[in-house]
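Here is the structure we will look at, set down as structure tokens.
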Amino acid sequence: MAPNTVQLSIFSWNVRLAKYVKGGQPHKTMELFQQMQDEGMIPDKFTFVRVLNACARVRALEEGRHIHSQIIQSGCESDVYVANSLIDMYANCGSIEDSWRVFNSLPKRDVVIWNAMIFGLTKCAQAHKALALSEQMRREKVNPDTVTFMGLLNACASVEALEKGRDVEQQIVQYGCESDVFVCNSLVDMYAKCGSIEDARRVFNRMHRRDTVAWSTMILGYMKYGEGHKALELFKQMQWDEVQPDPITFTGVLNACASILGLEEGRRVHDQIIKHGYESVVFVANGLIHMYAKCGSIEDAEKVFDKMSTRDVVSWTAMLHGFAMHGHDKEALGHYELMCEEGVEINSITIVCLLSACSHAGLVDEGLHFFDSMGSVFGITATVEHYACVVDLLGRAGHLQEADDLINTMSCEPNVAVWKALLGACRIHGNVEMGERIAKHVLELDPGNASGYVLLSNIYAAADK
């Protein structure tokens, strides 16, 4: 009876651990694991799987290594589910080398282990190695499953390996997995991210069952290529098919409305968001702020912002960007001060919006102060977007030579946006000589874009040339 009592006790602990894991409470999972050991309970493989899952979620690498030592002592390291959890934990914690060590130490590797390693490599930005591993998997005659294909498609998408993705689709057909909805969703996502929206639509159209993820993936795919009208048409078709949208669907649709400046369409989508009870979802509210601001209704954007019970840095930055976009420069700067008072963490995009507001308001000194203090105050390294804003700031105010000097001392390579900002300033202030020189840079970097020619033409026209 005693062994059965102990076993039941271990089972009870594992049930409690599982409850915390499923409830998204990794810290409580780890605390309970420690309490279990303090009370003399010996963990089993199910215990280890659950606590490794918790370590992965909070990226507790040292705790994970300590648990790995216990796993070795217990003799559970060869268990497929424990090994799978170890590989996943190390990858989530950013130590892909440890994942490799676990993978290579296993005397026998089934498809679950190969899948874990493929996903782990992709998570750690080593998608090319993940794709190479699939070739080794084939050589060792391990048959892939639907999870394998999803992992490989994810790897192809992350490095935009279109041809490899097409090879994977052929394997999917070969193994009879082409009707699996999750595999099809991954195919649609891969093709959209790899630049072939036609292939994405082809896979989407042949699907016998399209869930919310499939529709959302296709809508977001259209938005990646600026096809706002097609995204909205697909959303209407989704409603005709009576498929329920989720927050991600609405985010894509709001971006579509913003891209075509469809304010009335955006308001109708807002009504549906309220109907489905998603208005309180932070990233959906952020999408509403962006949509209203882009479509010209800063008042509606403010109403959404003011109603939010929880805001993240994206919420604050979206509102700041809206103020800057509409020339509400005092409101933008006041909003920034409120962000600082609220202790909101300023990020790189926030600074771009702030510099843009200063540029449109002609606040040169303030803008230069923000730019100069980026590193020392916020620990943010200036990017080409920040330089473009400062060049625009100086150029609009007539400080053309200072803007030119700044470009020549940039810590990164100037792109066409930087040169066009100065070219636009040359047009405003009628500086033909500098305009001709700057136009050469613009046309060399982007010869197919007509805007560089238009700006130079306007400079000549203003000078009666």
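The values are calculated or read from the model by the stated rules, or taken from the named source; none is laboratory data. What you are looking at is a predicted structure, and each value in this text was computed from that prediction instead of being measured. Heads up, the Cβs are rebuilt from the backbone with ideal geometry, glycines too, and the neighbour counts pull from every protein chain shown.
Among all residue pairs at least 6 apart or on different chains, which show Cβ distances below 6 Å where the first residue, located in the stretch 308-336, is buried (at least 20 other Cβ atoms within 10 Å of the Cβ) and the second is of a type in the set (Asp, Glu)?
Here the result reads Phe323/Glu331, each pair linking the stretch 308-336 to a residue that is of a type in the set (Asp, Glu).
Yes or no: Ala357 in the same structural domain as Glu444 (by TED's automatic domain parsing) and closer than 30 Å to Lys440 by Cα? Write out each step before concluding.
Details: in the same structural domain as Glu444 (by TED's automatic domain parsing): no; closer than 30 Å to Lys440 by Cα: yes.
Here the answer is no, as Ala357 does not meet what is asked.
Test Ala293 against the stated conditions and say whether it is surrounded by 23 or more Cβ atoms within 10 Å (Cβ to Cβ), in a helix (DSSP H, G or I), assigned by TED's automatic domain parsing to the domain that holds Val243 and free of Cβ contacts under 8 Å to residues at least 24 places away in the same chain.
No, not satisfied.
Tell me whether the stretch 340-351 contains one or more residues that are crowded, with 19+ Cβ neighbours inside 10 Å, part of a helix (DSSP H, G or I) and more than 18 Å from the chain's Cα centre (by Cα). Reasoning before the result, please.
We begin by selecting, within the stretch 340-351, every residue crowded, with 19+ Cβ neighbours inside 10 Å; these are 346, 350-351.
If we keep only those that are part of a helix (DSSP H, G or I) as well, we get 350-351.
Filter again for more than 18 Å from the chain's Cα centre (by Cα), leaving 351.
Checking the stretch 340-351: at least one residue is crowded, with 19+ Cβ neighbours inside 10 Å, part of a helix (DSSP H, G or I) and more than 18 Å from the chain's Cα centre (by Cα).
Could you tell me whether any residue of the stretch 212-227 is more than 23 Å from the chain's Cα centre (by Cα) and either modelled with pLDDT of 95 or more or at negative phi (or both)? Spell out how you get there, then give the answer.
In the first step, residues of the stretch 212-227 are kept if they are more than 23 Å from the chain's Cα centre (by Cα); the result is none.
No: the stretch 212-227 contains no residue that is more than 23 Å from the chain's Cα centre (by Cα) and either modelled with pLDDT of 95 or more or at negative phi (or both).
When you scan the stretch 72-105, how many residues do you find that are surrounded by fewer than 20 Cβ atoms within 10 Å (Cβ to Cβ) and of a type in the set (D, E, K, R)?
4
Please work out which residue is surrounded by the most Cβ atoms within 10 Å (Cβ to Cβ), limiting yourself to the stretch 260-285 and to residues that are among the charged types (D, E, K, R) and outside any loop (DSSP other than H, G, I, E, B). Give the steps one after another, and end with the answer.
Within the stretch 260-285, the subset among the charged types (D, E, K, R) is 264-265, 267-268, 271, 275, 279.
Pick out the ones that are also outside any loop (DSSP other than H, G, I, E, B) and you get 264-265, 267-268, 271, 275.
Numbers: Glu264: 9, Glu265: 19, Arg267: 16, Arg268: 12, Asp271: 10, Lys275: 9.
This residue is Glu265.
If you take the residues of the stretch 434-457 that are assigned to a loop (DSSP other than H, G, I, E, B) and surrounded by fewer than 16 Cβ atoms within 10 Å (Cβ to Cβ), which of them is modelled with the highest pLDDT? Break it down stepwise before answering.
From the stretch 434-457, those assigned to a loop (DSSP other than H, G, I, E, B) are 446-449; that's our starting set.
With surrounded by fewer than 16 Cβ atoms within 10 Å (Cβ to Cβ) added as a condition, the list becomes 447-449.
Values: Pro447: 85, Gly448: 80, Asn449: 75.
Selected residue: Pro447.
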